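Student: Below is the structure I would like to discuss, written out as structure tokens.
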Amino acid sequence: MFEPKRVIFEKKVIEYGLGKELFHKFKNNKNVEIMFSKSGRITGIPGSTPSEKYGEGKNTLVVGERKTLEFQSCKPSAHYQLPLVSGCMGMCEYCYLNTQMGKKPYIKIHTNLQEILNKAGEYIEKRKPEITIFEGAATSDPVPIEGYSGALEAAIKYFSKNEYSKFRFVTKYTDVDNLLNIEHNGKTMIRFSINTDEIIKVYEHRTPCLQKRLEAAYKISESGYELGFIIAPVFLCNKWENQYLQLLIKVADIFKDKKIRFEIISHRFTKRAKENIINIFPKTMLPMEEEIRKFKYGQFGYGKYVYRKDEFKRMEEFFKENIERYFKNGNIDYII
Ligand code: SF4
């Protein structure tokens, strides 16, 4: 569970509901610095170098309201992003949030959860009788702050009662015990983001090891949730086939008879992400040589560097073949 070094409260939220509850929870904790924001602007997080600013941001929890209630689209895994919380305590070097959350990427709990869920209800109404799928982890990993926010629990309960919706989220974290006994009615799918031990060790700082993620995933599947694994990012480095084969075999040892869905995402980066990563992690060993990648224009007008067509094809075949071989009930949602 996330243990913040400082908590910044938007002034008005400490007077009621979750904001008040969290204020009382943290105010007597000697290890936590309490700060306030009157205007909703978050200032006062220290740090002088990019790495320091990043580290201090990642140790900061903000408690406030979500102001905009327009939901962004969320391809390819869902129709809409559900903005339950934002930011993440993890420090994965490749994380796409590194270019989204500013120089001090704090973690934020939204206290107007009910308003956010009501808005989801409006989106569902508009698309009826089509099913609308919401992604709860598009700009965050909500699990390590669930003990403070209760946002996943509220969302799981909300969607369990709505026949025209589905909910899904992804995590690398293992604090899932609070989710095990919630009445989910088969409407929520939980995916665990996994990678080889080596990649977790080198790039995914402050996240649980593979074994712990698999144990948490097992508990989730035993609770009847639909379960998925996102293998991402796939790095086509030296001996990648062997390493990802070992990973699939390890997962299959535990889950071979379960119904599992897979999403596979190859490593990609933008020029801007590369600059940010090098600023924050000057010694990074992430493979980001533009010369050996293919440049692809993205849907938002900026381009990204992806693996070459022949390399990608090999990767695609590898995962199709081996998931079919080791998981009799395995389905691949997409490989990109
Ligand atoms: Fe980003 Fe996920 Fe790592 Fe958090 S756990 S830093 S959201 S990649």
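The values are calculated or read from the model by the stated rules, or taken from the named source; none is laboratory data. Quick caveat, the model's predicted, so the values are computed rather than measured. A quick note on method: Cβ atoms are made from the backbone with ideal geometry, for glycine too, and the neighbour counts reach across all protein chains shown. Surface areas here come from the heavy atoms of the whole protein model, side chains and all, with no ligands, DNA or RNA. Shrake-Rupley method; radii C 1.70, N 1.55, O 1.52, S 1.80 Å.
Student: Only four residue types carry charge here, +1 at the Cβ of Lys and Arg and -1 at the Cβ of Asp and Glu. Report the dipole size of region 6-335 about the Cα centre in Debye, rounded to the nearest 20.
Tutor: I would put it at about 680 debye.
Student: Give the cysteines in the chain for which no other Cys Cβ lies under 4.7 Å away, or write none if there are none.
Tutor: So, C74, C88, C209, C237.
Student: Amide H to amide H, which residues 5 or more places from I133 or on other chains are under 5 Å from it, using H placed in the peptide plane?
Tutor: H79, Y80, K166
Student: Let's test the formula: R0 of 25 Å, r as the Cβ-Cβ distance of Q211 and M285. What FRET efficiency results, to the nearest 0.05?
Tutor: 0.60
Student: Which order, highest average first, do 201-213, 77-89 follow once you tally other Cβ atoms within 10 Å for each residue and take the mean per peptide?
Tutor: Per-residue Cβ counts within 10 Å, averaged per peptide and sorted highest first, yield 77-89, 201-213.
Student: A follow-up question, please. Given the DSSP H assignment, sum -39500 (n - 2.57) over each helix run of at least 4 residues in the chain and divide by its residue total; what's the result at 222 nm in deg cm²/dmol, nearest 500?
Tutor: My calculation for the chain gives -10500 deg cm²/dmol from helical runs alone.
Student: Here is a further query. With r defined as the distance between the Cβ atoms of K239 and T43 and R0 fixed at 35 Å, what FRET efficiency is calculated, to the nearest 0.05? Present the calculation step by step, with values, prior to reporting the outcome.
Tutor: Numbers: r = 47 Å, r/R0 = 1.34.
Computed FRET efficiency for K239 and T43: 0.15.
Student: If a/c stays under 1.5 just call it rounded; otherwise compare a/b with b/c (prolate if a/b is bigger, oblate if not). Do that for region 1-143, with a ≥ b ≥ c from the square roots of the Cα gyration tensor eigenvalues.
Tutor: Here region 1-143 falls in the oblate category.
Student: Quick one: what do you get for region 122-217 if you divide its Cα Rg by 2.2 N^0.38 Å?
Tutor: Normalised Rg, Cα atoms only: 1.19.
Student: So what's the net charge close to D175: Lys and Arg +1, Asp and Glu -1, counting the other residues with Cβ under 13 Å from its Cβ?
Tutor: Details: positive: K172, K212, R213, K219; negative: E3, D141, E146, E153, D177, E215.
Taking every other residue near D175 into account, the sum is -2.
Student: Taking amide H positions as placed 1.01 Å from N in the peptide plane, with prolines and chain starts having none, which residues 5 or more places from K172, or on another chain, fall under 5 Å of its amide H?
Tutor: For K172, the qualifying residues are S193.
Student: How much FRET efficiency would the formula 1/(1 + (r/R0)^6) give for K256 and N178, where r is the Cβ-Cβ distance and R0 is 45 Å, rounded to 0.05?
Tutor: For K256 and N178, the calculated efficiency is 0.95.
Student: Top to bottom by accessible area (1.4 Å), largest first, where do D175, D257 land? The partial results should precede the final answer.
Tutor: Details: D175 60, D257 100 Å².
Accessible-area ranking of D175, D257, largest first: D257, D175.
Student: Rank-order 164-170, 109-115 by packing density, defined as the average count of other C-beta atoms within 10 Å over each peptide's residues, highest first.
Tutor: For the peptides 164-170, 109-115, the packing ranking is 164-170, 109-115.
Student: Using only the alpha-carbon atoms, what does region 226-336 span along each of its principal axes? Please give whole angstrom values in decreasing order.
Tutor: 44, 30, 27
Student: Let me ask something else about it. Relative to a virtual label point 7 Å from the Cα of I332 in the Cα→beta-carbon direction, which members of region 181-216 show backbone nitrogen distances below 14 Å?
Tutor: none
Student: Contour minus end-to-end for M1 and E324, with contour as 0.36 nm per residue of separation and end-to-end as the Cα-Cα distance?
Tutor: Working: separation 323, 0.36 × 323 = 116.28 nm, distance 3.52 nm.
In short, 112.8 nm is gained.
Student: Taking the Cα atoms of region 6-335, report the difference between the largest and smallest coordinate on each principal axis, in whole Å and largest first.
Tutor: Here the spans come out as 57, 48, 38 Å, largest first.
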